[in-house]
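The values are calculated or read from the model by the stated rules, or taken from the named source; none is laboratory data. What you are looking at is a predicted structure, and each value in this text was computed from that prediction instead of being measured. Ideal geometry is used to build each Cβ from the backbone, glycine not excepted, and the neighbour counts take in all protein chains shown.
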Amino acid sequence: MTETSTATRDRELAAIRLQVEGERARLEIELAHLKGEQAGGSGSEAPFHEHPTDHAGEMEEHERLLAIRENLEQMLTQCQDALDRLDRGDYGICRSCGKDIDIERLKALPYATKCIPCKEQRRD
């Protein structure tokens, strides 16, 4: 890589860092809000004489919120992993072949850990 292209890539990686930090902050806010919604539920169990189907809607909502929470936590983990790789200096390097991941791929998918050829070949 030339000095100019290295400097350009460094600027682009700095912009990606800001993007990922912003995404991490957004996810943390969403998770806090979601945890507040879950904590705000009645928390009481149904009396023994009520039929479980009487609470099917509540159970469905609880499962939906749980799935959303798990997805947000996974995304947050991906953000933190990307930031850790940026800090270590190995961000943007394919975990399979060791080559640089195309900067356009990183801009579109900042959590990418593999270059497109390795991802398409499903190399681990």
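Which residue, of LEU18, LEU13, is surrounded by 13 or more Cβ atoms within 10 Å (Cβ to Cβ), modelled with pLDDT of 90 or more and within 24 Å of LEU109 (Cβ to Cβ)?
Sole residue among the options that is surrounded by 13 or more Cβ atoms within 10 Å (Cβ to Cβ), modelled with pLDDT of 90 or more and within 24 Å of LEU109 (Cβ to Cβ): LEU13.
The set of residues from the range 44-95 being at pLDDT 95 or above and either hydroxyl-bearing (Ser, Thr, Tyr) or in contact with a His (Cβ under 9 Å, 6 or more places away or on another chain) (or both) comprises THR77, TYR91.
Counting only residues that are outside any helix (DSSP H, G or I) and free of Cβ contacts under 8 Å to residues at least 12 places away in the same chain, which one in the range 80-124 is farthest from ARG9 (Cα to Cα)?
The extreme case among them is ARG122.
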